[in-house]
Amino acid sequence: MADKTREASDETAADTPATADETRETVTEAETADEASESVDETAAAPDETAAAPDETAAAPDETSDETTEDRRSRTRLVAVILGLVTVVLAGFGVWATLEAHSLRSTAAPQNLALTDGAATNAVNRQVTSAINTVFSYNYANTAATRRAAQSLLTGPAIQQYNTYFALVTKDAPAQKLVVTTRVTNSGVELLTGNRARVLVFANQQDTRAGTKQTSYAGALFAVTAVHQGNRWKIENIDTFSGSP
């Protein structure tokens, strides 16, 4: 009986260490499971941190966009200010130019009667126009008549200028049977002071050859200096801007 009791004790003792070993294995497995769980938790947390990064990156464009908008607003304000200053300067220049032009006219008016005396200006223009139509129109059959008329309409240097020009006319006109008609189409008194005037003239000339009936036309631009003599305006100088009438 005693032997059986010892055997039972031995079996119990043998079973007890096995239980302890199993207990230690269980604890170890539990710790391993906890560590694995912590690893999983840390791994799961990592994407959250990674996901946060795009949010910060996404915020950057907003800040850049805000800065860009502010820069544009600043440039717009600067352009508006510059345009405002330019407008003020131009307006000031316009006022100055107007006052200066008025001052010049006021100063020149007493000296240049063409700006103030309409009747005297029209008289100069009318008589000079008539004189030009006469002295530069001729018929090859009677050039002497034109020469005589010119002597009463010209004075001073203009007489010599005309004589040089008309010497060619008396030579060539009969041979070519030329009939020349001159008509002033536009004229204007540039300057009128006392008994002197300067007139700008544009005239058309019609040349016809009696033998062939051929007609040609030409225009001429020149300036005339006129002086008041014997109750009329006479041509004193002819400036063709080329040195010849």
TODO: Would you check which residues across region 201-245 are free of Cβ contacts under 8 Å to residues at least 40 places away in the same chain and touching a Phe, Trp or Tyr at 6+ places or on another chain (Cβ under 8 Å) and list them?
DONE: N204, Q206, D207, G219, A220, L221, F222, A223, D239, T240, F241
Open item on the list: Being under 16 Å from I132 (Cα atoms), more than 39 Å from the chain's Cα centre (by Cα) and among the aliphatic types (A, V, I, L, M) narrows it down to one residue among V180, V184; which is it?
Closed with: V180
- [ ] Mind listing just one residue for me: the one in region 135-170 that is hydroxyl-bearing (S, T, Y) and surrounded by fewer than 15 Cβ atoms within 10 Å (Cβ to Cβ) and, of those, nearest to Q205 (Cα to Cα)?
- [x] T170
Open item on the list: Just to verify a result, which residue in region 125-156, among those that are within 21 Å of G219 (Cβ to Cβ) and among the hydroxyl-bearing types (S, T, Y), is farthest from the chain's Cα centre (by Cα)?
Closed with: T146
Task: Test: A173 is in contact with a Gly (Cβ under 8 Å, 6 or more places away or on another chain) and buried (at least 17 other Cβ atoms within 10 Å of the Cβ) - done: no
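Bear in mind that the values in this text are calculations on the coordinates, not laboratory data. Since we're looking at a predicted model, the values are computed, not measured. In this analysis, Cβ positions are derived from the backbone assuming ideal geometry, glycine residues included, and neighbour counts consider all displayed protein chains.
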